[in-house]
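One structure below.
The values are calculated or read from the model by the stated rules, or taken from the named source; none is laboratory data. No experiment lies behind these values; they were computed from the predicted model shown. Please note: Cβ atoms are built from the backbone with ideal geometry, for glycine as well, and neighbour counts cover all protein chains shown.
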Amino acid sequence: MAAKSINITLKIWRQKNANTKGALETYSLNEVSTDSSFLEMLDQLNEQLINERKEPIAFDHDCREGICGMCSLYINGRAHGPETGTTTCQLHMRMFSDGDTIYVEPWRSRAFPIVKDLVVDRSAFDRIQQAGGFVSVNTSGNTMDANSLPIPKDDADKAFEAAACIGCGACVASCKNGSAMLFVGAKVSQYALLPQGKVEARDRVLNMVRQMDEEGFGNCTNTGACEVECPKGISLENIARMNREFLKAGLSSEK
Amino acid sequence: MSVLDSKIPTGPIAEKWTNHKNHMNLVAPNNRPKIDVIVVGTGLAGASAAASLGEMGYNVKAFCFQDSPRRAHSIAAQGGINAAKNYQNDGDSVYRLFYDTIKGGDYRAREANVHRLAEVSGNIIDQCVAQGVPFAREYGGLLDNRSFGGTQVQRTFYAAGQTGQQLLLGAYSALSRQIGLGRVKMYHRHEMMDLVKIDGKARGIIARNLVTGEIEKHAAHAVVIASGGYGNVYFLSTNAMGSNVSAAWKVHKRGAMFANPCYVQIHPTCVPVHGTNQSKLTLMSESLRNSGRIWVPKKKEDAEAIRAGQLKPTQIAEEDRDYYLERRYPAFGNLVPRDVASRAAKERCDAGHGIEANDTNEGVYLDFATEILSKGRQSAYALGDHNPTEEKMRELGKKWIEEKYGNLFQMYQKITDENPYETPMKIYPAVHYTMGGVWVDYNLQSTIPGCFVTGEANFSDHGANRLGASALMQGLADGYFVLPYTISDYLSNEIRTGKISTESPEFDEAAESVKASIEKILSNNGTHTVDHFHKRLGLIMWNKVGMGRNEKGLKEAIEEIGLLREEFHNDVFVPGTAEELNQELEKALRVADLIELGQLMAIDALQRKESCGGHFRDEYQDAEGETLRDDENFKFVAAWEYNGSDSTKSTLHKEDLKYEFIKIAARNYK
């Protein structure tokens with residue numbers, strides 16, 4: 001696994017802001033360590049650009065541990081690049097070879113407008129969460145004891161697996177319909193699987209789906225690209241569960 | 001009296017908080033909508049505070065620099081959260097959590113604050129479960145626990161290696177609910193640039209819209225700073241790339257004292273440094289020390305052969321391995337506190353036993369082979385196989401490990417390209433957390449009235465060393481269960497104030513000075529990038545204000561950082577304009593503050609002529625290399641007053657620490 005150094009060509013989407021037209025631009029970058037992460041490679045390119053008095057490339061990133069969900073990037077036509085189960089910040093240059101040309105684009109989706117270069121606006125996800133992605137419990141030192149309500153381990157584990165979603169938006173970017181159903185399904189599922197979420201189950205799913213539609217996300221046609229590209233392996237079962245919850249909510253009496 | 005009034009309530013330790021709460025002033029529900037509160041930062045401490053204050057009925061404005069409040073770096077906390085629930089029937093109690101935390105902090109934390117933290121710890125777990133946080137559970141449906149360093153009980157609640165994520169998403173869901181109800185207005189991609197004071201009180205902030213570059217004025221009756229720690233002063237740390245000290249530093253510049261800046265936590269188990277283009281370090285959770293055994297080769301020649309690639313760790317015989325933590329600290333073994341484990345690793349590597357083939361040969365093994373076999377046997381028995389083959393045990397053991405730590409093992413493999421199920425992890429200490437921060441009193445209020453500071457951004461609860469799984473506890477305790485009470489006490493005097501206007505000379509002055517500093521840095525037209533300076537700062541800090549410090553090195557660091565500050569302001573080059581998304585500009589403004597802070601850290605470390613917790617002075621150690629405290633002369637909180645960008649001009653104020661309920665003693669984990 002000794003580190004090598006490779007030379008690459010990059011075709012990167014540059015766009016000044018939301019109101020201007022963008023285009024792919026070409027850059028050469030030499031002596032990239034294969035131990036570097038993809039974002040460290042972009043750091044290196046930006047350092048080179050700044051030293052040439054050129055404008056660096058804007059991209060979103062923060063934790064660089066694959067958990068904050070801030071990094072994105074469509075790399076060679078795939079969300080978060082060629083490795084499955086990986087965020088861009090955890091993708092390493094050992095996945096690439098000397099002489100490669102790498103295409104880097106922002107998430108492409110109507111509901112995620114471009115802010116600048118590779119940075120997009122994902123606040124639609126926040127608004128979906130605000131519509132119902134919570135249990136309406138106020139802060140209090142007097143909720144019941146945490147162990148007074150046993151939860152079957154399988155349910156707790158499944159809820160955790162759904163809750164592991166990092167909200168990066170790769171599902172939307174990978175979907176030919178620009179659908180956010182994997183994201184919304186994961187949140188709906190987390191609460192649907194836990195007794196704490198039952199009380200508001202009906203309103204939650206209706207409100208979140210309504211907001212999802214208002215934001216301009218498309219519908220699900222069961223292609224499954226989202227599941228393949230999801231860096232956290234969120235399962236399609238969550239979409240099925242959301243559909244069941246939605247159906248159930250529609251059948252139950254209106255308020 | 002000192003300018004530092006800690007406002008610790010009188011009475012027995014276990015009754016202080018209850019009595020204090022009972023006698024605080026309240027703001028009636030009908031008055032709360034007349035009062036505005038600003039919260040800066042949306043990690044555990046900020047999101048929980050903003051949500052709780054919104055629920056109470058205050059008008060809240062919350063700010064984060066990320067694209068969503070859910071990204072705050074609390075999300076990356078891995079291992080767990082402590083709470084004195086005693087669900088495991090192993091003798092835990094509020095007192096024991098209190099005692100462990102004081103001792104873990106090497107007797108440099110405030111008793112009253114820590115006891116309160118232990119008291120509310122149980123409520124946090126109740127609250128989070130009620131919110132739908134999916135903690136790990138046992139087959140009977142009850143919550144599972146594990147152990148963390150510096151304790152002999154199992155009090156850590158967890159969600160695989162993603163506990164911070166689940167807790168933050170819980171707080172984020174509570175915050176989202178308040179945003180949806182219109183009680184909290186969220187400003188994402190906004191960075192606080194300054195604190196505005198009117199008549200000595202915090203009355204608002206200046207913020208920069210990071211997308212448009214607009215400089216905005218926001219007024220409030222109180223300001224809460226929950227902006228996290230300053231580990232990025234070292235350039236390489238486990239912090240997120242955007243983590244910074246600026247919000248805390250701005251309130252410091254406006255008059256709030258900054259306490260114990262030299263108390264830094266170097267976490268023992270991180271993936272070692274690999275190269276010069278590396279941007280950050282990655283933590284491998286302390287929870288792994290429940291299952292992993294730390295060792296280096298006993299023989300130097302074995303270590304050399306490993307570094308040269310001629311030997312593999314699995315080829316080193318059991319008797320040729322030095323499990324140095326188990327050898328030196330048999331009572332706590334691999335679960336000694338972080339500062340102790342980090343120093344022990346450094347000691348072995350300095351002695352030539354390091355196993356990583358990088359520039360400094362710094363690395364030790366964290367080995368899961370023993371645990372894989374033992375848990376594999378246990379799983380086989382549970383399946384009715386009382387005579388499992390070794391192969392079967394290995395298979396089942398790996399499954400057990402995957403369930404407990406799967407995401408960590410996967411992360412390790414992605415970074416290093418090695419499979420930790422088959423070969424031991426290579427780890428080394430890295431900067432992780434900062435115990436120092438803005439000085440606050442018992443009410444979490446800084447020395448500026450109306451400016452409250454919570455979570456890692458304050459200094460209050462961890463003394464000179466934080467125990468594992470206590471940061472999440474403190475962040476949520478501050479935000480859910482402490483601040484909502486104490487800030488209301490302060491705000492009870494504000495019900496007649498009326499709306500605060502941003503049309504005032506104070507707001508104008510602050511906004512203009514922010515614009516001027518941005519203009520200055522953009523028109524500098526220097527020759528080096530921001531990262532160039534940040535990396536140089538990081539190297540000085542790591543080499544001279546890192547794990548081992550001494551008078552000579554600290555004096556050099558103070559001088560070098562002073563020169564670096566001048567060079568930075570004369571020679572940094574920041575491309576682009578102020579009226580757009582400009583990530584280099586954001587970095588430059590943060591690094592300017594980190595440089596000033598770095599110098600203060602060295603000054604603070606120099607004045608503290610003792611070793612305690614994360615602060616280790618080579619001159620002050622016992623015959624076995626353990627920290628040597630000087631309680632007679634240094635049992636105080638060092639709180640610094642800002643007197644200009646040259647931190648050597650800062651004034652030291654002392655808050656004496658009183659131990660009334662715990663007998664102060666040498667810290668012993670043997």
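Please note which helices (runs of 4 or more DSSP H) are completely contained in the range B:297-405 and include at least 1 residues that are more than 30 Å from B:Gly463 (Cα to Cα), outside the structural domain of B:Met547 (by TED's automatic domain parsing) and of a type in the set (Gly, Ala, Ser). Spell out how you get there, then give the answer.
Working: elements: B:300-307, B:324-328, B:338-350, B:369-382.
Ranges flagged: B:300-307, B:369-382.
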Please return the ranges of helices (runs of 4 or more DSSP H) entirely within the range A:185-255 where 3 or more residues are more than 22 Å from B:Gln131 (Cβ to Cβ) and of a type in the set (A, V, I, L, M). A:237-251
Considering each of A:Leu29, A:Leu45 in turn, give the residue that is under 21 Å from B:His532 (Cα atoms), within 13 Å of chain B (Cβ to nearest Cβ), in a strand (DSSP E or B) and at pLDDT 95 or above. A:Leu29
Considering every residue within the range B:550-560, establish whether at least one is surrounded by fewer than 18 Cβ atoms within 10 Å (Cβ to Cβ) and outside any helix (DSSP H, G or I). yes
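Can we say B:Gly450 is farther than 21 Å from B:Arg116 by Cβ and either among the polar types (S, T, N, Q) or surrounded by 24 or more Cβ atoms within 10 Å (Cβ to Cβ) (or both)? Spell out how you get there, then give the answer.
Values: farther than 21 Å from B:Arg116 by Cβ: yes; either among the polar types (S, T, N, Q) or surrounded by 24 or more Cβ atoms within 10 Å (Cβ to Cβ) (or both): yes.
For B:Gly450, the condition - farther than 21 Å from B:Arg116 by Cβ and either among the polar types (S, T, N, Q) or surrounded by 24 or more Cβ atoms within 10 Å (Cβ to Cβ) (or both) - is met.
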Residues satisfying the stated conditions in the range A:74-105, i.e. more than 9 Å from every other protein chain (Cβ to nearest Cβ), part of a loop (DSSP other than H, G, I, E, B) and within 18 Å of A:Ser5 (Cβ to Cβ): A:Phe96, A:Ser97, A:Asp98, A:Gly99, A:Asp100
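Report the residue count in the range B:72-104 for those that are aromatic (Phe, Trp, Tyr) and either farther than 16 Å from B:Ala118 by Cβ or within 14 Å of another protein chain (Cβ to nearest Cβ) (or both). Walk me through how you get there before you give the answer.
Initial filter on the range B:72-104 (aromatic (Phe, Trp, Tyr)): B:87, B:95, B:98-99.
Keeping just the survivors that are either farther than 16 Å from B:Ala118 by Cβ or within 14 Å of another protein chain (Cβ to nearest Cβ) (or both) gives B:87.
Going through the range B:72-104 one residue at a time, the tally reaches 1.
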Checked B:Val184, B:Val196, B:Val153 against criteria (among the β-branched types (Val, Ile, Thr) and within 19 Å of A:Val135 (Cα to Cα)); the one match is B:Val184
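Determine whether the range B:290-311 contains at least one residue that is under 26 Å from B:Arg590 (Cβ atoms), at pLDDT below 95 and under 22 Å from the mean Cα position of the chain (by Cα).
Going through the range B:290-311, the residues under 26 Å from B:Arg590 (Cβ atoms) turn out to be none.
Within the range B:290-311, not a single residue is under 26 Å from B:Arg590 (Cβ atoms), at pLDDT below 95 and under 22 Å from the mean Cα position of the chain (by Cα).
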Give me a count of the residues in the range B:410-457 that are more than 23 Å from B:Lys346 (Cβ to Cβ), more than 20 Å from the chain's Cα centre (by Cα) and assigned to a strand (DSSP E or B). 1
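So, of the residues in the range B:603-639 that are polar (S, T, N, Q) and outside any strand (DSSP E or B), which turns out to be farthest from B:Gly546 (Cα to Cα)? Before the answer, list the steps.
Step one: list which residues in the range B:603-639 are polar (S, T, N, Q), which gives B:607, B:611, B:621, B:627, B:633.
In the following step, the residues that additionally are outside any strand (DSSP E or B) were identified as B:607, B:611, B:633.
Values: B:Gln607: 15, B:Ser611: 13, B:Asn633: 23 Å.
Checked the range B:603-639; the qualifying residue farthest from B:Gly546 (Cα to Cα) is B:Asn633.
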Right, B:Ala666: within 27 Å of B:Pro429 (Cα to Cα) and either crowded, with 22+ Cβ neighbours inside 10 Å or not hydroxyl-bearing (Ser, Thr, Tyr) (or both) or not? yes
Across the range A:155-177, what is the total count of residues that are more than 9 Å from every other protein chain (Cβ to nearest Cβ), surrounded by fewer than 19 Cβ atoms within 10 Å (Cβ to Cβ) and not polar (S, T, N, Q)? 1
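Only residues that are at pLDDT 95 or above, farther than 17 Å from B:Gly455 by Cα and facing another protein chain (nearest Cβ under 7 Å): list them for the range B:160-179, please. Full working, then the answer.
Let us first name the residues in the range B:160-179 that are at pLDDT 95 or above, namely B:163-179.
If we keep only those that are farther than 17 Å from B:Gly455 by Cα as well, we get B:166, B:173-174, B:176-179.
Across the range B:160-179, the qualifying residues are B:Gln166, B:Ser173, B:Ala174, B:Ser176, B:Arg177, B:Ile179.
I'd like to know if the range B:471-484 contains one or more residues that are in contact with a Phe, Trp or Tyr (Cβ under 7 Å, 6 or more places away or on another chain) and more than 15 Å from B:Ala47 (Cα to Cα). Steps first, please.
Within the range B:471-484, the first condition is being in contact with a Phe, Trp or Tyr (Cβ under 7 Å, 6 or more places away or on another chain), and the residues that meet it are B:471, B:483.
Still in the running and more than 15 Å from B:Ala47 (Cα to Cα): none.
No; the residues of the range B:471-484 include none that is in contact with a Phe, Trp or Tyr (Cβ under 7 Å, 6 or more places away or on another chain) and more than 15 Å from B:Ala47 (Cα to Cα).
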Do we have any residue at all in the range A:58-73 that's under 16 Å from B:Gln410 (Cα atoms), surrounded by fewer than 21 Cβ atoms within 10 Å (Cβ to Cβ), without any contact (Cβ under 8 Å) to a residue 40 or more places away in the chain and facing chain B (nearest Cβ under 10 Å)? no
Would you pick out the residues in the range B:521-537 that are loosely packed, with under 15 Cβ neighbours inside 10 Å and touching a helix residue (DSSP H, G or I) at 6+ places or on another chain (Cβ under 8 Å)? B:Thr527
Return the residue satisfying two criteria in turn: it lies in the range A:11-44 and is crowded, with 20+ Cβ neighbours inside 10 Å and hydrophobic (A, V, I, L, M, F, W, C), and of such residues it is nearest to B:Arg307 (Cα to Cα). A:Val32
Scan of the range B:328-343 for residues that are in contact (Cβ under 8 Å) with a residue 60 or more places away in the chain and either more than 15 Å from B:Val431 (Cα to Cα) or of a type in the set (A, V, I, L, M, F, W, C) (or both), ordered by number: B:Arg328, B:Tyr329, B:Pro330, B:Ala331, B:Phe332, B:Leu335, B:Val336, B:Val340, B:Ala341
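Give me a count of the residues in the range B:48-78 that are closer than 25 Å to B:Lys499 by Cβ and either modelled with pLDDT under 95 or buried (at least 24 other Cβ atoms within 10 Å of the Cβ) (or both). If you could, list the steps in order and put the result at the bottom.
So the first thing to find is which residues in the range B:48-78 are closer than 25 Å to B:Lys499 by Cβ, and the list is B:49-64.
With either modelled with pLDDT under 95 or buried (at least 24 other Cβ atoms within 10 Å of the Cβ) (or both) added as a condition, the list becomes B:49-54, B:58, B:60, B:62-64.
Final tally of qualifying residues: 11.
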The range B:126-142 residues that are more than 7 Å from every other protein chain (Cβ to nearest Cβ) and more than 10 Å from A:Ala146 (Cβ to Cβ), paired with ones that are part of a helix (DSSP H, G or I) and aromatic (Phe, Trp, Tyr) (beta carbon under 9 Å, 6 or more apart): B:Ala136/A:Phe160
Subset of the range B:105-125 (residues that are more than 7 Å from chain A (Cβ to nearest Cβ), touching a residue at least 60 places away in the same chain (Cβ under 8 Å) and not aliphatic (A, V, I, L, M)): B:Gly105, B:Asp106, B:Tyr107, B:Arg108, B:Arg110, B:Glu111, B:Asn113, B:His115, B:Arg116, B:Glu119, B:Ser121
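List the strands (runs of 3 or more DSSP E) that sit entirely inside the range B:135-211 and contain at least 2 residues that are β-branched (Val, Ile, Thr) and assigned by TED's automatic domain parsing to the domain that holds B:Glu509.
On the way: elements: B:184-187, B:190-198, B:201-209.
The qualifying strands (runs of 3 or more DSSP E) are B:190-198, B:201-209.
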Give all pairs with beta carbons closer than 6 Å in which a residue from the range A:178-205 that is away from chain B (no Cβ under 11 Å) and farther than 28 Å from A:Ala225 by Cβ meets a residue that is surrounded by fewer than 21 Cβ atoms within 10 Å (Cβ to Cβ) and among the polar types (S, T, N, Q); count only pairs at least 6 apart in sequence or on separate chains. A:Arg202/A:Ser252
(1) under 30 Å from B:Phe634 (Cβ atoms); (2) touching a residue at least 60 places away in the same chain (Cβ under 8 Å); (3) under 20 Å from the mean Cα position of the chain (by Cα) all hold for B:Leu97 apart from (2)
Which one of these is surrounded by fewer than 22 Cβ atoms within 10 Å (Cβ to Cβ) and either within 15 Å of A:Ile166 (Cα to Cα) or facing chain B (nearest Cβ under 9 Å) (or both): A:Val115, A:Val137? A:Val137
